[in-house]
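A.B. asks: Below is the structure I would like to discuss, written out as structure tokens.
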Amino acid sequence: MTDILLQVRQLEVVYHRVATAVQGVSLEVPKGSIVALVGTNGAGKTTTLRAISGFLPSEDAEITDGDITYGDRRINGQLPHQMARAGVILVPERDKVFGTLSVEDNLEFAARGGGEITLERVLGYFPLLTQRKSQLAGYLSGGEKQMLAIGMALLCRPTLLLIDELSLGLAPIVIKDLMALLHRISKELGLTVLLVEQNANAALAIADFGYVMEGGRVVFYGKASELISHPDVREFYLGGAAQSETKSYRDIKQYRRKRRWWG
Amino acid sequence: MEFAATIVILTCTYALLAAGTVILYKAGRVVNFAHGELAIVGGYVFYSAGLMSGGTSLWFPVAGAVVFSIIMGMFIYMAMMRRLVGEPFYVAILVTVGIGIVLKSAILVIWRAERLTIDVGVTPAIRMAGGATLSYMDIASVVLTVAFFAGLYLFFRFTRLGVQFRGTAENALLASQRGVDVNFVLSLAWVIAILAASLSGVLYGGRAFLSTESVTIGLAGLTAALVGGLDSLRGAVAGAFIVACAQYLTVRLVDPVLSEAVPFLLLVIVMSIRPWGLFGTQEELDRV
């Protein structure tokens with residue numbers, strides 16, 4: 001068994017002292033692997049990522065229970081810049097680039113000197129950014145913004161890359177390319193990736209392990225290949241059940257099985 | 001020529017104040033109502049440091065004013081503003097009003113509200129065509145202001161810290177997630193703003209006088225910033241020039257008593273025609 005880089009145990013996060021966003025989430029991210037965290041809207045995926053990468057005091061969010069261990073350090077309640085300097089880099093879902101800065105300045109902003117990931121190397125992965133260098137990042141297309149955001153994250157010298165909704169608002173062909181590129185980058189640079197996705201198909205296709213969240217809890221987990229072929233996961237999250245016999249209207253309208261919490 | 005020189009120097013004083021206001025607004029969406037007080041206290045500190053060193057060297061008072069700016073900037077941000085993040089914007093504004101009152105009392109207690117003129121010991125030197133005389137102090141005002149703005153431009157445009165500064169002003173959370181200590185950047189904003197204010201206070205104290213009444217230059221500076229657009233450094237200079245011209249012309253042509261009221265008249269005019277200021281961005285208005 002490989003080393004565990006990140007371990008989350010029984011995590012509970014409360015916003016504004018009243019709203020519990022996740023409850024008892026546990027997950028493990030082995031070093032060098034890609035782990036997908038999938039689930040529907042409001043399942044608590046983003047909150048889990050944010051708890052790992054740190055909250056600003058102004059967000060009024062608190063980890064009320066559980067432990068997050070990164071390497072051999074307990075990192076509950078660290079500030080985002082402390083986590084970033086420790087190599088935990090988040091690509092957020094929205095506002096992932098500085099719209100009022102040029103592409104070049106965005107990359108410079110993130111760059112921490114040293115390390116093997118140079119600007120040339122990042123531009124090698126995303127050649128499109130070279131052409132857009134002097135443009136304001138606010139005017140980039142969604143796909144270009146995502147590339148810039150990942151480029152910035154790479155220049156921060158990550159050990160663990162957290163990506164929130166890589167596929168959000170992008171065309172299927174762009175998603176496919178980006179996922180393939182992410183897989184390549186993580187293998188070439190030896191990065192560990194925790195990927196949060198609603199698009200479970202795309203995420204599980206490149207992941208080694210997968211966790212499924214529902215209503216603030218983890219309900220399934222396992223090897224990505226097992227999840228893809230799991231009948232419950234297929235039906236609830238991947239679209240379409242395994243069998244293909246014609247169904248009556250009543251069967252289609254509701255799930256064949258009741259969802260159960262396995263967490 | 002005399003009027004041109006006066007306007008230029010007045011512009012410098014106000015532009016420095018307005019620049020600080022703009023930087024603070026951009027960095028933390030705070031409108032600082034204590035800026036005039038900070039400027040005058042900066043001037044007093046400069047004066048006192050000069051007295052303490054026996055008035056022999058300029059380095060001591062300059063160092064005094066710089067140290068004052070650094071300590072004051074760090075203190076205001078770390079002890080007060082940092083805790084107000086996430087509160088409604090008017091909370092921070094009211095706190096700055098409070099800081100202003102405290103500073104004004106401090107002037108009374110420490111300096112006994114003496115009217116002081118900063119004399120750096122250089123005599124009027126240059127005779128200009130048209131009969132105007134410029135003291136070294138005047139020339140230094142212009143040179144220092146230009147140097148400050150040039151430095152600011154180079155800092156924001158070309159240094160990595162400057163880029164991080166601009167990014168933090170746009171999105172503090174993302175900046176933090178990219179490894180930037182947001183608290184450091186925002187305290188730096190306060191330090192730079194107070195440094196500019198102190199310089200302005202010293203220049204003002206050199207030409208006119210320091211007293212608890214002279215804190216009204218803060219309102220002229222704020223007007224300059226609002227006229228130019230609260231989120232534009234270029235606007236700060238333009239606004240300062242407009243306020244300086246209007247004030248000078250009123251003193252000359254109408255009545256010196258009115259000079260204090262002029263900035264507000266200007267403010268009313270600009271706010272009713274172009275509420276986002278001359279160089280400001282229109283969308284910015286929605287946030288205030």
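A.B. asks: Using r as the Cβ-Cβ distance of residue B:8 and residue A:226, and R0 as 56 Å, what FRET efficiency do you calculate, to the nearest 0.05? Don't skip to the answer; put the middle values down first.
C.D. replies: Details: r = 76 Å, r/R0 = 1.36.
Result of the calculation: an efficiency of 0.15.
A.B. asks: Quick one: putting +1 on the C-beta of Lys and Arg, -1 on the C-beta of Asp and Glu, what dipole do you get for region A:98-157 around its Cα centre, in Debye to the nearest 20? Spell out each step's value before the answer.
C.D. replies: Working: 6 positive and 6 negative charges, 19 e Å.
Taking the Cα centre of region A:98-157 as origin, the dipole is about 100 debye.
A.B. asks: Hydropathy first: keep DSSP H helices in chain A averaging at least -0.5 on Kyte-Doolittle, then drop any whose Cα extent along the axis falls short of 18 Å, and list what survives.
C.D. replies: A:142-155, A:172-189
A.B. asks: What number does the protein assembly as shown give for Rg over Rh if you use C-alpha atoms and the Kirkwood radius? Walk me through the numbers on the way to the answer.
C.D. replies: Working: Rg = 29.1 Å, Rh = 26.5 Å.
So for the protein assembly as shown, dividing Rg by the Kirkwood Rh gives 1.10.
A.B. asks: Which number comes out as Rg/Rh for region A:98-157 once both Rg and the Kirkwood Rh are worked out on C-alpha atoms? Before the final figure, lay out each step's value.
C.D. replies: Working: Rg = 10.3 Å, Rh = 11.1 Å.
Reported Rg/Rh (Cα atoms, Kirkwood Rh): 0.93.
A.B. asks: May I pose another question? Report ³J(HN,Hα) in whole Hz for each residue of region B:223-237, in order, from the Karplus equation J = 6.51 cos²θ - 1.76 cosθ + 1.60 where θ = phi - 60°; Gly and Pro get x.
C.D. replies: 4, 4, 5, 5, 5, x, x, 4, 10, 9, 6, 4, x, 4, 5
A.B. asks: How high is the relative contact order of chain A, in percent, counting Cα pairs under 8 Å that sit 6 or more residues apart? Don't skip to the answer; put the middle values down first.
C.D. replies: On the way: 495 pairs, mean separation 63.5, N = 263.
Relative contact order here is 24 percent.
A.B. asks: Can you run the Rg to Rh ratio on chain B? Use alpha carbon positions and the Kirkwood inverse-distance Rh.
C.D. replies: 0.96
A.B. asks: Next question. Please find, in a Gaussian network model of chain B (springs between Cα atoms separated by less than 10 Å), the residue of B:221, B:98, B:36 whose mean-square fluctuation is greatest.
C.D. replies: Result for chain B, Cα springs under 10 Å: B:98 fluctuates most.
A.B. asks: Would you work out what percent of the accessible area of the protein assembly as shown, with all protein chains in place, is carbon or sulfur (probe 1.4 Å)? Display every interim value, and only then the final one.
C.D. replies: Numbers: 15290 of 25530 Å².
The C+S portion of the solvent-accessible surface of the protein assembly as shown is 60 percent.
A.B. asks: Now for a separate question. Can you tell which of B:267, B:237, A:58 lies farthest toward the positive end of the dipole of the protein assembly as shown, using +1 and -1 charges on the Cβ of basic and acidic side chains (Lys, Arg; Asp, Glu)?
C.D. replies: A:58
A.B. asks: Right, next: Of the residues B:247, B:164, B:177, which exhibits the maximal mean-square fluctuation in a Gaussian network model of chain B defined by a 10 Å Cα contact cut-off?
C.D. replies: The residue with the greatest mean-square fluctuation here is B:177.
A.B. asks: At 1.4 Å probe size, with no ligands or nucleic acids counted, give the accessible surface of residue B:138 in Å², nearest ten.
C.D. replies: Estimated to the nearest 10 Å², residue B:138 gives 10 Å².
A.B. asks: Please compute how much accessible surface disappears when A pairs with B, both sides summed, using a 1.4 Å probe, and round it to the nearest 100 Å². Show your work: numbers first, answer last.
C.D. replies: Working: alone 13330 and 14310 Å², together 25530 Å².
For A against B, buried area totals roughly 2100 Å².
A.B. asks: Grab every C-alpha pair in region B:1-47, bin the distances at 10 angstrom width from 0 up to the longest one, and report whole percents.
C.D. replies: 24, 41, 28, 6, 0
A.B. asks: Can you give the calculated 222 nm mean residue ellipticity of the protein assembly as shown, where each DSSP H run of n ≥ 4 adds -39,500 (n - 2.57) and the sum is split over every residue, rounded to the nearest 500 deg cm²/dmol? Don't skip to the end; give the middle numbers.
C.D. replies: Working: 22 runs with 281 residues, N = 551.
So the calculated ellipticity at 222 nm is -16000 deg cm²/dmol.
A.B. asks: Using +1 on the beta carbon of Lys and Arg, -1 on that of Asp and Glu, and nothing else charged, what's the dipole of chain A about the Cα centre, debye to 20?
C.D. replies: Values: 30 positive and 29 negative charges, 122 e Å.
Using only the charged Cβ atoms, the result is roughly 580 debye.
A.B. asks: Taking only protein heavy atoms and a 1.4 Å probe, what accessible area per residue, in Å², does region A:98-157 have with all protein chains in place? Working shown, then result.
C.D. replies: Numbers: 2440 Å² over 60 residues.
Per-residue accessible area for region A:98-157 comes out at 41 Å².
A.B. asks: Gain in length, residue B:105 to residue B:159, computed as 0.36 nm per residue apart minus the alpha-carbon separation, to one decimal in nm? Show your work: numbers first, answer last.
C.D. replies: Working: separation 54, 0.36 × 54 = 19.44 nm, distance 3.90 nm.
Result: 15.5 nm gained on full extension.
A.B. asks: Another question about this same structure. Which angle from 0 to 90°, rounded to the nearest 10, does the C-alpha axis of helix B:89-111 make with the longest principal axis of chain B?
C.D. replies: The two axes meet at around 40 degrees.
A.B. asks: Let me ask another. State to the nearest 20 debye the size of the charge dipole of the protein assembly as shown about its Cα centre, where the only charges are +1 on K and R beta carbons and -1 on D and E beta carbons.
C.D. replies: Details: 47 positive and 44 negative charges, 149 e Å.
The calculated dipole for the protein assembly as shown is roughly 720 debye.
A.B. asks: Take the Cα radius of gyration of chain A and divide it by 2.2 N^0.38 Å, with N its residue count; two decimals is plenty. Walk me through the numbers before you get to the answer.
C.D. replies: Details: Rg = 18.9 Å, N = 263, 2.2 N^0.38 = 18.3 Å.
Relative to the rule-of-thumb radius for its length, chain A sits at 1.03.
A.B. asks: Of the candidates B:262, B:215, B:143, which one comes out as most mobile in a Gaussian network treatment of chain B with C-alpha springs shorter than 10 Å?
C.D. replies: Highest fluctuation of the listed residues: B:143.
A.B. asks: Here is a further query. Put a dot 7 Å past each Cα toward the Cβ at residue B:245 and residue A:181; how far apart are the dots in nm?
C.D. replies: 5.0 nm
A.B. asks: Now for a different question. Assuming 1.567 mPa s and 4 °C, estimate D for region A:1-96 with Stokes-Einstein, Rh taken as the Kirkwood radius over Cα pairs, in µm²/s. Could the numbers behind the result be given before it?
C.D. replies: Details: Rh = 13.8 Å.
Once the numbers are plugged in, D ends up at 94 µm²/s.
A.B. asks: Related question: Given a Förster distance of 22 Å, report the FRET efficiency between residue A:116 and residue A:28 from their Cβ-Cβ distance, rounded to the nearest 0.05.
C.D. replies: Numbers: r = 27 Å, r/R0 = 1.21.
The pair residue A:116/residue A:28 has a calculated efficiency of 0.25.
A.B. asks: I've got another one for you. Using amide H atoms built 1.01 Å from N in the peptide plane, name the residues 5+ places from residue A:20, or on other chains, whose amide H lies under 5 Å from its own.
C.D. replies: For residue A:20, the qualifying residues are A:15.
A.B. asks: Considering only protein heavy atoms, what is the solvent-accessible area of residue A:211 at a probe of 1.4 Å, reported in Å² to the nearest 10?
C.D. replies: 20 Å²
A.B. asks: For a distance above 17 Å, tell me the whole-number percent of Cα pairs in region B:162-231 that qualify.
C.D. replies: 57 percent
A.B. asks: Looking only at other chains, what is the average number of their beta-carbon atoms within 10 angstrom of each beta-carbon in A:74-86?
C.D. replies: On the way: counts 0, 0, 0, 0, 0, 5, 11, 10, 3, 3, 7, 3, 1.
Mean shielding count: 3.
A.B. asks: Please give the length that would be gained between residue A:135 and residue A:72 if that part of the chain were fully extended, namely 0.36 nm times their separation in residues minus their C-alpha to C-alpha distance (nm, one decimal).
C.D. replies: On the way: separation 63, 0.36 × 63 = 22.68 nm, distance 4.17 nm.
Between residue A:135 and residue A:72, full extension yields 18.5 nm more.
The values are calculated or read from the model by the stated rules, or taken from the named source; none is laboratory data. What you see is a predicted model, and the numbers here were worked out from it, not measured in a lab. Here Cβ is always computed from backbone atoms with ideal geometry, including for glycine, and neighbour counts include all displayed protein chains. Side chains are part of the model used for accessible areas, which takes the heavy atoms of the whole protein and leaves out ligands, DNA and RNA. Shrake-Rupley method; radii C 1.70, N 1.55, O 1.52, S 1.80 Å.
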